[in-house]
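Data block below; observations after.
The values are calculated or read from the model by the stated rules, or taken from the named source; none is laboratory data. Keep in mind that this is a model prediction, so the values were computed, not measured. Cβ: placed from backbone, ideal geometry, glycine included. Neighbour counts: every protein chain shown. Only protein heavy atoms, including side chains, enter the accessible area calculation; ligands, DNA and RNA are left aside. Shrake-Rupley method; radii C 1.70, N 1.55, O 1.52, S 1.80 Å.
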Amino acid sequence: MDSNAKEKVYDNYTSSDDIALLLRLIYEGKLINEEASEIILDILLQQQQSERLQRYLPSDTKIAHKCGDLDNLENDGGIIWINDRAYILVVLTGAMPNLECRETIGKISKYIYNKIKAIHPLLIEVGDFLLDIVKLTMGLLSLVLVINISGKGNLAPSSAMDQVLNYVLG
């Protein structure tokens with residue numbers, strides 16, 4: 001957090017798309033260059049925080065991630081491996097107590113992990129074409145999960161958090 005900028009009424013903003021793009025470039029070895037990407041990936045693999053994306057995942061899950069928090073706000077974005085395949089997941093939360101935010105991130109992560117693990121053998125056989133379908137399906141399932149967790153029957157924005165959710169969920 002850039003406190004000096006915030007005092008001048010500037011603030012730092014990001015989106016799940018921004019974070020996912022950076023993670024993808026790191027994974028593909030294209031952020032700056034391959035050597036820099038490998039160094040960054042190694043640093044992300046050493047992350048010690050485990051109360052968000054990997055909260056409910058098996059303890060041996062390989063994950064390279066970066067998390068952050070403020071009061072009533074928790075975020076985590078990472079590259080998660082299932083055997084030799086990886087996927088990127090970014091979850092940004094807010095307007096809830098921090099523990100509830102961390103638990104929500106963990107529940108979303110576990111749900112997606114389980115779905116991807118269930119179709120993992122199919123991904124190896126069919127290839128990346130199916131990956132697009134999987135991403136769309138995961139997005140829709142995540143939307144249903146967020147609606148169920150938040151208790152919102154509609155997504156009409158009634159708060160700043162609702163507007164962020166609408167943007168992230170697209």
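Considering Leu169, Leu136, the condition of being modelled with pLDDT under 90 and exposed (fewer than 13 other Cβ atoms within 10 Å of the Cβ) is satisfied by Leu136 alone. Listed by position, the strands (runs of 3 or more DSSP E) contained in the range 1-112 that have at least 2 residues being at positive phi and open to solvent by less than 60 Å² (accessible area, probe 1.4 Å) form an empty set. Out of Ser50, Ser16, Ser37, one residue alone is in contact with a helix residue (DSSP H, G or I) (Cβ under 7 Å, 6 or more places away or on another chain), without any contact (Cβ under 8 Å) to a residue 24 or more places away in the chain and among the polar types (S, T, N, Q). It is Ser37.
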